[in-house]
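Working notes, beginning with the structure itself.
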Amino acid sequence: MDNSSMNSQELERFLDQEKQKAMLNEVVSKLTSVCWDKCITGSPGSKFSSSESTCLSNCAKRYVDMTRIIVSRFQSMG
């Protein structure tokens, strides 16, 4: 292997990692927005109420589960 093909592979690997980071950031941002809007109904205080905490936890779990299902389905299609 010459240097140009190795550099090309390194660049491709780097770009793939950056794409994965960007997708993860997008998922976290969407999760935060969706769950916040659903669970936090008033002005937040210094800490969440027990119902807000439970709602946020359940919302995050459902969102992660659905994301896994969708990714799995897309992977099985390709």
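Throughout, read-outs are computed from the coordinates displayed, never taken from laboratory work. The model shown is predicted, which means the values in this text are computed figures rather than measured ones. Cβ atoms come from the backbone with ideal geometry, glycine included; neighbour counts cover every protein chain shown.
Give me the angle, in degrees from 0 to 90, between the Cα long axis of helix 3-39 and the longest principal axis of the Cα atoms of the chain, rounded to the nearest 10.
10 degrees
Any chance you could count the Lys pairs in the chain whose alpha carbons are under 16 Å apart, treating pairs 8 or more apart or on different chains as valid? Write down the numbers at each step before the final one.
Values: LYS21/LYS30; LYS30/LYS38; LYS30/LYS61; LYS38/LYS61.
For the chain, qualifying lysine pairs total 4.
Charges only on Cβ, +1 for Lys and Arg, -1 for Asp and Glu: so what's the dipole of segment 27-78 about the Cα centre, in debye to the nearest 20? Provide the component values of the computation, followed by the final result.
Values: 7 positive and 3 negative charges, 30 e Å.
Value, rounded to 20: 140 debye.
What do you get for the angle between helix 50-77 and the principal long axis of the chain? Use alpha-carbon atoms, 0 to 90 degrees, nearest ten.
It works out to around 30 degrees.
Out of MET23, MET77, TRP36, whose Cα points farthest toward the positive end of the dipole of the chain (charges: +1 Lys, Arg; -1 Asp, Glu; placed on Cβ)?
Ranked along the dipole, the leading option is TRP36.
Calculate for the chain the 222 nm mean residue ellipticity that helices alone would give, adding -39,500 (n - 2.57) per DSSP H run of length 4 or more and normalising by residue count, nearest 500 deg cm²/dmol.
Details: 2 runs with 65 residues, N = 78.
Mean residue ellipticity, 222 nm, calculated: -30500 deg cm²/dmol.
Report the net charge of residues surrounding LYS19, where surrounding means a beta-carbon distance below 13 angstrom and charges are Lys +1, Arg +1, Asp -1, Glu -1. Don't skip to the end; give the middle numbers.
Values: positive: ARG13, LYS21; negative: GLU12, ASP16, GLU18, GLU26.
Taking every Cβ under 13 Å from that of LYS19, the sum is -2.
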